[in-house]
Amino acid sequence: MKKRALVAMFLLFTLSLAGEDYRKLLDRTITAESYERTLLAVSSLPHPTGSVAQRDNTQYLAERMRKMGLQVEVMTFSVPLPEPRKSALYWEKPGAVSFPMQEPALLEDPFSESREALVGFNAWSPSGNVSGPLIFAHYGGKEEYEYLLSRGVKLKGAIALVRLGREYRGDKAALAKKYGLAGVLLYPDPQDRGFRVGTVYPEGNSLPAGGLERGSLDTLPYPGDPLTPGRPSLPGQKRLEKNPLDGELAVTLPISYETAQKLLTEMSGERAPEAWQGGLGTIYRTGDGVGAKVVMRVENKTVERAVYVVVGKIPGKSRPREVVALGSHFDAWVYGTTDPNAGTAVVMETAAFFADLAKSGWRPERTLAFVHWDGEEFGVIGSTEWEEELERRGERVVLTINEDAAVGGPDFGIVATPGHRSLLVRYVERFLKEYGRERFSLKIPQKFDVGAVVSCGSDHCAPLYRQNSGVFAFWSAGSYGVYHSLYDNPLYYQRFVDPGYLYGRDLSKILAGTLYLYMEEEGGEAFDGADLAEFLLGELASPAWKPFFEKDGYLRLKRALESLKGKPAWRGAEAGRVRGLFLTPQGAPQGVWARNTLYEQNPENRYVALALPSLLRGDERAWQEFVRLFEGLAGTGDASGRP
């Protein structure tokens, strides 16, 4: 015991000395000026995946990290992606002209004058020239369509005006197809984003009347290249003959709320329910499915495009094939200064700190990788292909820190996977105490309410769903109102997101300092079963589990989880072993691509996920295996079961 105590004291003493040095290094390497330089370098031109500007950004990021002294690799994956060739919407009557399919230029914003910006476009929408009577379907969910049918509204062949939000836009397009609609028009209602929320851009930060929300409609049960699930999209890899998305979606276009208002004022039919009335200042009517018709003309061509992943590494000294990845995607629908490239700048600031630390002789136990992923907006493509390629090489990700759109305002927060939330809080609090939380411009809460990352909507998806990798995310929030539009550009960011670039600087310092402490003490790998148990107990208490409340397996599972709450966290290789118990090589319930049996994307709304999905489906074998597994981990049984 004396020897262990001496070792612990020496470690604390060493870390204390290193702490003084790392705080000074943070101040020297992470500055508002360097953050600004990176952010403007990558987001001053429109740079969607496949563009020349995105290729130039790839070269810029690679060269910057080489100059830092990191080991740099640029991976190039070849993926068939849709490109808009025509987007048009007009009334079916003589002389009708198309409603605007691009945001208007604003006199005060020179970035809005770009001719390189993509038109209004939903990736993976089928091409088609369709016409039909216009109906209003509120958020476009099952309950809305059933209500319309109950009121005698004809859906088949109609075109639905649908409000963005609540559910994922791709699920809206898929459900419309199932109900026989010819097309979907997606618009942001000003009650959610626009003049009802606040003053519109350029005077304020809310979405102006002509703003569009571009976005993907990908509804596949796996992210990445649709043609190479489970395999990196590289030469020689087997491809599916057909994209599984074909025939699954209604023809879809994004429109502005200015256009939506013009459509609503011409609609007939009964007044929509009060809950459906929005912020446009006109009566929202359902339409009748036989009234005035609109025409949608959509031509999207699939083109083989390069999807880049830029990696800068500090190799691990003891477990180099185990990777701690800090990354953000760097592709955008237009400029993407806030989403995603604030995250790009955070990654680069943190990389600069660790690169200088490595020059002094510091080495992590596991490989530390700073990663810039391309193709996220189309369907989380670059990060998925990267993870699949790492698997092919015999490497695995143990922790992903995903900084997608990291800086959105002054309010600092953190989220993590269950099993890692308590760990993240511990090291963030420790860093803030050592560095001084009063030194930051960000508003930092006295107590953190850490959200649980269990869904699959960004670049942590493949490591989490295929390897049960831990996930951290550091972010700062505000009233960001121009999501996926032309107006998310450097001018908007400077005026309304992060004046002076102090929030980006501060978030980068907190991330870098916290990660340094975590890598030093945990080596990048730890797993807190008590934290996972707390999350799962909360899930088991929800109404969705009511049919199982009296089940013997349910009661045993709850008892095991309660016992697990008293256990210490696993660390190092043992943490990796325990995380691996929740993986199955045969594929999780949602299909063979995913292996994590703890979580599954909700097939009706991909913005959320289900916990323990096989149990919710009443799979008796899964009930037995999960009960046995958790009883084993809690020490109340054996751990031989694998779900």
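The values are calculated or read from the model by the stated rules, or taken from the named source; none is laboratory data. Here the structure is a predicted model, which means the values were calculated and not measured. Glycine also receives a Cβ, built like all others from the backbone with ideal geometry; neighbour counts cover every protein chain displayed. Protein only, heavy atoms only, side chains kept; ligands, DNA and RNA dropped before computing areas. Shrake-Rupley method; radii C 1.70, N 1.55, O 1.52, S 1.80 Å.
Amide H contacts of TYR284: ALA272, GLY278, each under 5 Å away and 5 or more positions distant or on a separate chain (H built 1.01 Å from N in the peptide plane; Pro and chain starts excluded).
Remark: for residue pairs LYS93/LYS293; LYS24/LYS359; LYS93/LYS262; LYS178/LYS546; LYS156/LYS293, the C-alpha separation exceeds 18 Å in LYS178/LYS546. Answer rounded, prolate or oblate for the stretch 413-500, using the Cα gyration tensor with square roots of eigenvalues a ≥ b ≥ c: rounded when a/c is under 1.5, else prolate when a/b is larger than b/c, else oblate. Oblate shape, in that a/c is at least 1.5 and b/c is the bigger or equal ratio. Here the relative contact order of the chain, from alpha carbon pairs under 8 Å that lie six or more residues apart, stands at 16 percent.
Put simply, the amide H of PHE472, placed in the peptide plane, has neighbours under 5 Å in THR400, ILE401, ASN402, leaving out anything fewer than 5 places away on its chain.
Annotation: per residue accessible area for the stretch 205-318 equals 39 Å², rounded to a whole number [probe 1.4 Å, protein chains only].
Computed from Cα positions, the angle between helix 529-540 and the longest principal axis of the chain comes to roughly 30 degrees.
Highest mean packing first, where packing is the average number of other Cβ atoms within 10 Å per residue, the peptides 341-349, 493-501 line up as 341-349, 493-501. Charge tally around ALA105: other residues with Cβ under 11 Å, Lys/Arg +1 each, Asp/Glu -1 each, net -3. Restricting to Cα pairs below 8 Å that are 6+ residues apart, what does the relative contact order work out to for the stretch 204-335? Please round to a whole percent. Computed value for the stretch 204-335: 19 percent relative contact order. A protection proxy built from the mean count of other Cβ atoms within 10 Å ranks the segments 168-174, 293-299, 357-363, most packed first, as 168-174, 293-299, 357-363. Residues whose amide H lies under 5 Å from that of LEU181, counting only those 5 or more places away or on a different chain, are GLY157; hydrogens are built 1.01 Å from N in the peptide plane.
Using only Cα atoms, tell me the angle between helix 421-435 and the longest principal axis of the chain; keep it within 0 to 90° and round to the nearest 10. The answer is roughly 70 degrees. Straight-line cross-link reach from LYS447 at under 25 Å between alpha-carbon atoms covers these lysines, not counting any fewer than eight positions away in the same chain: LYS433, LYS509, LYS565, LYS567.
Compared with the dominant Cα axis of the chain, that is its longest principal axis, helix 2-29 is turned about 50°. Electrostatic bookkeeping for ALA575 treats Lys and Arg as +1 and Asp and Glu as -1; over the other residues with beta carbon under 10 Å from its beta carbon, the sum is -1.
Going by a ≥ b ≥ c, the root eigenvalues of the Cα gyration tensor, does the stretch 513-575 fall in the rounded group (a/c under 1.5), the prolate group (a/b larger than b/c) or the oblate group? Prolate shape, in that a/c is at least 1.5 and a/b is the bigger ratio. When both bridge partners sit in the chain, DSSP labels roughly 55% of those beta bridges antiparallel. The calculated 222 nm mean residue ellipticity attributable to helices in the chain amounts to -10500 deg cm²/dmol, summing -39500 (n - 2.57) over DSSP H runs of n ≥ 4 and dividing by all residues. Based on the alpha-carbon gyration tensor of the stretch 395-456 and its eigenvalue square roots a ≥ b ≥ c, which shape applies: rounded if a/c is under 1.5, prolate if not and a/b is larger than b/c, or oblate? Taking the square roots of the gyration eigenvalues as a ≥ b ≥ c, the stretch 395-456 is prolate. Neighbours of ARG559 by Cβ distance under 12 Å: Lys/Arg scored +1, Asp/Glu scored -1, total 0.
Spatial offset of the stretch 317-392 relative to the stretch 491-539 amounts to 14 Å, using the alpha carbon center of each. Taking the protein heavy atoms of the chain in the context of the full set of protein chains, the accessible area attributed to carbon and sulfur is 52 percent at 1.4 Å.
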